[in-house]
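To keep things clear, I will list the structure first and then write my remarks on it.
The values are calculated or read from the model by the stated rules, or taken from the named source; none is laboratory data. The structure presented is a predicted model; accordingly, all values stated were derived computationally and were not measured. Cβ placement follows ideal geometry from the backbone for every residue including glycine, while neighbour counts extend to all protein chains displayed.
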Amino acid sequence: MSGRETAMKCPNCCAEMEEGFFGCESSEFTRPSWFKKKSILAIGGEPLGRLHISMSYFQGSRCKECRTLVLNY
């Protein structure tokens, strides 16, 4: 890649997105997971990260205008 890359545009409002990381807790009881619907105990989700006792970080972009996240896992 050469020099400066073009910033990603928001898929919802077309504003310029900010690059960064989304952090979430990971512990012996929880880990980053994808859920198709909410559940009281947050069980039955598809794991997106490994189980470890620390924060999990996902690289991505956010739109401050419409509060949209685009994450890589």
Q) Do we have any residue at all in segment 11-18 that's surrounded by 12 or more Cβ atoms within 10 Å (Cβ to Cβ) and part of a strand (DSSP E or B)? A) yes
Q: Taking the residues in segment 33-51 that are among the small types (Gly, Ala, Ser) and part of a loop (DSSP other than H, G, I, E, B) as candidates, determine which candidate is farthest from residue 73 (Cα to Cα).
A: 39
Q: Of all residues in segment 1-10, count the ones that are modelled with pLDDT of 95 or more and either under 16 Å from the mean Cα position of the chain (by Cα) or in a loop (DSSP other than H, G, I, E, B) (or both).
A: 1
Q: Keeping to segment 4-32, report how many residues are closer than 16 Å to residue 73 by Cβ and β-branched (Val, Ile, Thr).
A: 1
**Q.** Candidate set: segment 19-55, residues that are among the acidic types (Asp, Glu) and more than 15 Å from residue 70 (Cα to Cα); chosen: the one surrounded by the most Cβ atoms within 10 Å (Cβ to Cβ)
**A.** 25
